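Let me begin by presenting the structure, written as structure tokens, before commenting on it.
The values are calculated or read from the model by the stated rules, or taken from the named source; none is laboratory data. This structure is a prediction, so every number in the text was calculated from the model and none was measured. When we count neighbours, we look across all protein chains shown, and the Cβ atoms used for this are built from the backbone with ideal geometry, even at glycine. All accessible areas refer to the heavy atoms of the entire protein, side chains included, with ligands and DNA or RNA removed. Shrake-Rupley method; radii C 1.70, N 1.55, O 1.52, S 1.80 Å.
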Number of protein chains: 2
Amino acid sequence: MNPSARANPRPAADLERGRERRSIPKTPSQEDAVRFVALGGLEEVGRNMMFFEYKNEIVIIDIGLQFPEEDTPGIDFIIPNTTYLESKKENIKAVIITHGHYDHIGAVPYLMARLGNPTIYTTALTKEMLVKRQEEFTNAPRLDIQVVKNRDKIRLSENFEADFFSVTHTIPDTTGVILKTPAGNLVHFAEMKFDYDKEGKPQGLEEFEKIGKLGIHALFIDSTNAEVPGFSVSERVVEKNLEDIVKKAQGRVIIGIFSSLLTRIAEVLKIAEKYDRRVAVSGLSMKTNIQIAQNLGYIKTKKGAIITLEEIHKYKDEKLLILSTGAQGEPNASLMRIASGEHRQIEIKPGDTVVFSSSVIPGNERSIQGLKDNLTRQGAKVYTSKLVDIHSTGHAPQEELKVIMKLIKPRFVIPIHGYYFMRAANAELAHEVKIPKQNVFLIDNGQVIHIAKEGISILEETVPAFYVMVDGLGVGDVGEVVMRDRRVLAQEGMVVVIATLDRRTGRFLKNPDIISRGFIYLRENKDLVEDVRKRIRGIIGRIPRYQELEPDYIKTLIRDQIGQFLYNKTRRRPMILPVVIEV
Amino acid sequence: MNPSARANPRPAADLERGRERRSIPKTPSQEDAVRFVALGGLEEVGRNMMFFEYKNEIVIIDIGLQFPEEDTPGIDFIIPNTTYLESKKENIKAVIITHGHYDHIGAVPYLMARLGNPTIYTTALTKEMLVKRQEEFTNAPRLDIQVVKNRDKIRLSENFEADFFSVTHTIPDTTGVILKTPAGNLVHFAEMKFDYDKEGKPQGLEEFEKIGKLGIHALFIDSTNAEVPGFSVSERVVEKNLEDIVKKAQGRVIIGIFSSLLTRIAEVLKIAEKYDRRVAVSGLSMKTNIQIAQNLGYIKTKKGAIITLEEIHKYKDEKLLILSTGAQGEPNASLMRIASGEHRQIEIKPGDTVVFSSSVIPGNERSIQGLKDNLTRQGAKVYTSKLVDIHSTGHAPQEELKVIMKLIKPRFVIPIHGYYFMRAANAELAHEVKIPKQNVFLIDNGQVIHIAKEGISILEETVPAFYVMVDGLGVGDVGEVVMRDRRVLAQEGMVVVIATLDRRTGRFLKNPDIISRGFIYLRENKDLVEDVRKRIRGIIGRIPRYQELEPDYIKTLIRDQIGQFLYNKTRRRPMILPVVIEV
């Protein structure tokens, strides 16, 4: 078993452990019970997709993707497994999309056709982002989207009604939803944080208080920052710090930021205007998002405030601010191209100020280090949120989570979004605000929970939730075997051994061919190659003449003996691929 | 070019940029000048090795290794390149080893023979660690080690004298050195931090003041934390927090820690004794290190305080504390085996407390997340330094660095250890304490600096400093070609295409063989395989009969056309390995 796979146990193993932990009532009441399943987002940060099911009605919330991990090399994305939903697609009454981040909308182009292209309910900005992205996929169906606003109440189906309410996140138009169901009121707001005013007072808490007064049966609550003590850094503080940096910068200011952090991008545009800097945008996704936000009025700029990259040479350095994608060190994104001197219009020079206004996604630390190094070497002054608060999370930390739970007063809490240890930390917070332990449920992707008026229980039934990988044009055709091979190839390389034999005599028709990649540089190790050839001849030679040639048997001999020989010589275990050609 | 390689530019590229940045005096005075070269440690955190050269005398400081990175898959270690030193090995008068961490001692077994096994000057604890490690390498020479103590003054050669002085780090017996040379007094203390007493007062600063009074020409100063504001967390605070956790734990306490953090391991043993817990040690390297530290009196325990893992069942949970290696999520280390249920004596159970008393090395975030997840799932309460100060760095942050520079008052500062951006931050700190910009030198691995009484300059000359990779038994035999292949194989996999042809007719003797790994699961894609075969037959078929078979030409055709075909079909670019067998 692969060690990194072990460190991130897959659903099957988790479920087993889950069963050990909790006794499961065998005969839950089926009357008026709503089933809830998370197809992703519970053993990871990303790939968010969950659904509620009542009799023959299904409501889905979010259809996100996850970016590849160390143990899934070479793939593009990981998307949720929709096997269960596909078999019941005529029951899907609605898809609610909470906001426009890729971990909530990213799998829409891959999955909507399979789900029968049901109606999507979402806010105006998210709609535009969905439509724009869908256009990039030529075979994906045209989406049927109904735009919702804050305080809209919409009947989704006979048994589900949705009350939408706005929440603060790092992208405008993020929505929470109160699902009114036969089992009670269920609250789900994908992700949110407190909004603070200039005095640092949290805003909009009365909204949660109002929700609490409706009587909430179960709350599904984000756990991404449940481990982080305290309150979030106010976006007002971030604004002020960014403003200070722009104010004192003598040359150009380049701000690296996620293209989806539209709330902050809007702030940066205001700051640029205040300090009389024109803004050029580098990175296609950011350009698109800004355009969409402008069309909807979320970003307001004076005429001429945003210029093209081709125009930047017309302005003095101290009159320029560049917004760039790639603050995570992504290989082909704008900031990396700027740093490596491969950007067509922008080259770093002494006097430049580069600001990383983003968090570091775990796994990207090394590339960001390399990026910072490269920028500093070329003379830029680099600011990161390690030095000064120039980024604030979109996810409520401990104290905010507790306030939310206190105001909403749910009977049951189901921590969602994040690794088990994050959700376990969230469960602790629920206990701290006096929600009894037995009313908090830590479930896994694919586990089915049964929400009845009388109470909630975890069923023994599960739904497939294993990874579906997207690699090039293939969706789901790269599985565990291919991943395992890639991991082995990356670690040890491979050796192809070709024995060309006479079908009748079993004799070699030519010297064995040896090809290797990623193992050792063969041209510089001719003795080793000769030794391997000699051994292969020995292996075949020892097979008695009267014995018929059995290619599989010969292959096994070669694999074992050449593998062992190379290990003894080098202490490495390349993948050995024996080929026996009989002519 | 590989994008991640681009993010971590290799010395060659760096040197070019270095040359652009700084004008270099063409004819530095050679009289009484000492040359300084870092062979590692300057574009990385790790692989520390530097040397001073005066006429025909060379003094080396540290011979460390670096752990592999994302862009060097499958290798064991990266060690310094000693080509230059090997050609002058008779000049090597001394090797000074500052402390026992692997990034300072790790390459000793690989390199000492190549360097002519010169005398090592180091402290008692470091000596024992060096000797112990050397024993693991059967062909490595017996080391010639002279033990030094605080305040020892040792003449290393005609022109080099070394005054040793103790510094505080996370391992006892760390030494700094004042090298008295014809060019002046040079100060080098590999790594250090302030030592604070219980009241939070820094200790031992008078030592630096004394050094400052000697008149210091150049200071070589650690930059690892030059980006981190403020002072370090006092080890007394860490002790107190660890004690609080142990005090309130109801069941077993498992502390994950680096085996080389011997100072803290000693503290933990004291805490265990205070709360009447026996200590079991899991992890060979930790056992060895504790044994060595006990022998030298750095760790003092009562009889019976340390028990074996086989004995733990004899004690109640609340009477046990387990010290474990693997807090970085290393695949085969103790903590990972405990978490995955593969440890022979220890299995996690509810009530266990697991403490990560270590920093997170960039690149290990994902495995540590997986590890935490696994431990929490099994019922352990997990503490990390994100939640509470249970780790303190061994590297001085900004304010400590500034105090050191103020006290030592060097004329010149050469920031060492760490990426360029860390060293650039250190240079800023030097400027803040009024060391003129032109007296601070940011150099790269392999660059030669010329230290004369009159001043310091960077020479145009460079010394080879590129990576030497250790993979299994091979040292340096895995080069850039093999690394590049491993990266491609990991991302896209490979396809071997074997065409067996009749030498005379150029006709196929059999159907082309296709083998693939890490690309697509061929058994489930038989149509694709058939298409590839058809295309190969087409490629060969189109070659006119009268034309002689040219295997290289055929291979190129197959590589290009099959590569393009597979890309069109899948949008993936596996490595294509064509083999033409003529019989």
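Numbers for the structure displayed
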item	result
Matching entry among B:ASP103, B:ASP144, B:ASP76, B:ASP71 (being open to solvent by less than 10 Å² (accessible area, probe 1.4 Å) and among the acidic types (Asp, Glu))	B:ASP71
Residues that are in contact with a strand residue (DSSP E or B) (Cβ under 8 Å, 6 or more places away or on another chain) and surrounded by 20 or more Cβ atoms within 10 Å (Cβ to Cβ), drawn from the stretch B:284-305	B:MET286, B:ILE290
From the options B:ASN511, B:ASN525, residue that is within 13 Å of another protein chain (Cβ to nearest Cβ) and buried (at least 17 other Cβ atoms within 10 Å of the Cβ)	B:ASN525
Cross-chain or 6+ apart pairs with Cβ under 7 Å, the stretch A:480-509 first and without any contact (Cβ under 8 Å) to a residue 60 or more places away in the chain, then open to solvent by 60 Å² or more (accessible area, probe 1.4 Å)	A:VAL481/B:TYR521; A:VAL482/B:TYR521; A:GLY506/A:ARG545; A:PHE508/A:ARG537
Residue satisfying all of: in the stretch A:124-141; in contact (Cβ under 8 Å) with a residue 24 or more places away in the chain and of a type in the set (Lys, Arg); nearest to A:LEU296 (Cα to Cα) among these	A:LYS132
Residue check for B:LYS247: open to solvent by 40 Å² or more (accessible area, probe 1.4 Å), modelled with pLDDT under 90 and closer than 28 Å to B:MET286 by Cβ	no
Counted residues, the stretch B:536-566 - those being more than 22 Å from A:GLY518 (Cα to Cα), within 14 Å of another protein chain (Cβ to nearest Cβ) and without any contact (Cβ under 8 Å) to a residue 24 or more places away in the chain	1
Residue in the stretch B:371-380 that is over 21 Å from A:ASN225 (Cα atoms), more than 9 Å from every other protein chain (Cβ to nearest Cβ) and part of a loop (DSSP other than H, G, I, E, B) present	no
Search result, residues across the stretch B:79-100 that are in contact with a Gly (Cβ under 6 Å, 6 or more places away or on another chain) and either buried (at least 23 other Cβ atoms within 10 Å of the Cβ) or not assigned by TED's automatic domain parsing to the domain that holds B:ILE145 (or both)	B:PRO80
Any hit, the stretch B:309-326, residues being buried (at least 23 other Cβ atoms within 10 Å of the Cβ) and within 14 Å of chain A (Cβ to nearest Cβ)	yes
Filtered residues of the stretch B:389-423 (kept if within 14 Å of chain A (Cβ to nearest Cβ), in contact with a helix residue (DSSP H, G or I) (Cβ under 9 Å, 6 or more places away or on another chain) and among the hydroxyl-bearing types (Ser, Thr, Tyr))	B:TYR419, B:TYR420
Residues located in the stretch A:215-238, provided they are of a type in the set (Ser, Thr, Tyr) and under 19 Å from A:ASN48 (Cα atoms)	A:SER223, A:THR224
Of the criteria (1) away from every other protein chain (no Cβ under 14 Å); (2) open to solvent by 60 Å² or more (accessible area, probe 1.4 Å); (3) out of contact with any helix residue (DSSP H, G or I) (no Cβ under 9 Å at 6 or more places or on another chain), which one A:LYS386 fails	(1)
The listed residue being surrounded by 23 or more Cβ atoms within 10 Å (Cβ to Cβ), in contact (Cβ under 8 Å) with a residue 24 or more places away in the chain, under 29 Å from B:ILE60 (Cβ atoms) and not assigned by TED's automatic domain parsing to the domain that holds B:THR168, out of B:PHE189, B:PHE220, B:PHE258	B:PHE258
Single residue of A:ALA490, A:ALA499 found to be touching a helix residue (DSSP H, G or I) at 6+ places or on another chain (Cβ under 8 Å), farther than 30 Å from B:ASN568 by Cβ and crowded, with 17+ Cβ neighbours inside 10 Å	A:ALA499
Enumeration of residues in the stretch A:365-418 that are charged (D, E, K, R), in contact (Cβ under 8 Å) with a residue 40 or more places away in the chain and more than 21 Å from B:MET422 (Cα to Cα)	A:GLU399, A:GLU400, A:LYS409, A:ARG411
